[in-house]
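Remarks on the structure that follows.
The values are calculated or read from the model by the stated rules, or taken from the named source; none is laboratory data. If you're wondering where the values come from, they're calculated on a predicted model, not measured in any experiment. Here the Cβ positions follow ideal geometry from the backbone for every residue, glycine too, while neighbour counts run over all protein chains shown. Protein only, heavy atoms only, side chains kept; ligands, DNA and RNA dropped before computing areas. Shrake-Rupley method; radii C 1.70, N 1.55, O 1.52, S 1.80 Å.
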Amino acid sequence: QVQLVESGGGLVQPGGSLRLSCAASRSIFTIYAMGWYRQAPGKQRELVATLTSGSSTNYADSVKGRFTISSDNAKNTVYLQMNSLKPEDTAVYYCYAHYSGHNSWGQGTQVTVSS
């Protein structure tokens, strides 16, 4: 089982930036894909960004050009750099990992975009 610990959420004004971090309990070389989902109040959880072990990335249309997913393999950590944040980006952001037919989830971190 891969344990995931998220950090970096908070309150930011529209147009601002935040960077989320997701630290895995084992080498991310052994994980097929990692990424981020988000869930806003009253809405379904939606995929935000994915990074595969082959370094392929995928983004939701709503965040393309504003969010960037990356990794630091030495730290077993995946990041989500979020720029030009909008109020509609407000949600709980969940890190996930897909490996060997299993999925693991982080505890979630709140991102609030408000003036």
Legend entry - Residues of the stretch 80-93 that turn out to be assigned to a strand (DSSP E or B) and either out of contact with any Lys or Arg (no Cβ under 9 Å at 6 or more places or on another chain) or open to solvent by 30 Å² or more (accessible area, probe 1.4 Å) (or both), as a count: 2
Inset, instruction - Scan the stretch 1-20 for residues that are assigned to a strand (DSSP E or B), open to solvent by less than 60 Å² (accessible area, probe 1.4 Å) and under 19 Å from residue 99 (Cβ atoms) and jot them down. - result: 4, 6
Legend entry - Only one of 97, 60, 74, 33 that is within 13 Å of the chain's Cα centre (by Cα) and either closer than 18 Å to residue 111 by Cβ or loosely packed, with under 15 Cβ neighbours inside 10 Å (or both): 60
Inset, instruction - Exactly one condition in (1) out of contact with any Asp or Glu (no Cβ under 7 Å at 6 or more places or on another chain); (2) in contact (Cβ under 8 Å) with a residue 40 or more places away in the chain; (3) open to solvent by less than 60 Å² (accessible area, probe 1.4 Å) is not met by residue 110; state its number. - result: (3)
Legend entry - Filter result for the condition that a residue is touching a residue at least 40 places away in the same chain (Cβ under 8 Å), more than 18 Å from residue 5 (Cβ to Cβ) and basic (Lys, Arg), over 38, 45, 66: 45
